[in-house]
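Laboratory data are not the source of any read-out in this text; all were calculated from the coordinates shown. Please read these numbers as outputs of a predicted model, since none were measured by experiment.
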Amino acid sequence: MTNTNATNFRKNVFNYLDMAIDFNDVISVNTKKGNAVLLSEEDYNGLIETISLSSVPGMRERLAEGKNAGPEDFEDFEW
């Protein structure tokens, strides 16, 4: 995560955008009113998808089971 203030962000906005898009860096911009976070659209979509999947009843447990599954837990499937 990269931290910067609003003045520096404004001066280097294209550089920070490139960092977020090319390197999946999260940019935290500090202001007098509070902080804002810049992240790539890809990272944002991933977060939204994770939230969506986590809201489905039982999905969290199914994902955990899949993550811990070994080769013996899978079947070969031919199209």
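Details
- Sequence-distant residues sharing a close amide H with Asn5 (under 5 Å, placed H): Asn30
- Normalised by the number of residues in the chain, the mean separation of alpha-carbon contacts (under 8 Å, six or more apart) gives a relative contact order of 21 percent.
- Within the chain, helix-based [θ] at 222 nm, where runs of 4 or more DSSP H residues each add -39,500 (n - 2.57), nearest 500: -15000 deg cm²/dmol
- A cut-off of 5 Å between modelled amide H atoms, ignoring neighbours fewer than 5 places along the same chain, links Asp25 with Ala20.
- The range 9-26 - phi-based ³J(HN,Hα) in whole Hz, Karplus 6.51/-1.76/1.60, Gly and Pro as x: 4, 4, 5, 10, 4, 5, 5, 5, 4, 4, 4, 5, 6, 6, 10, 6, 7, 9
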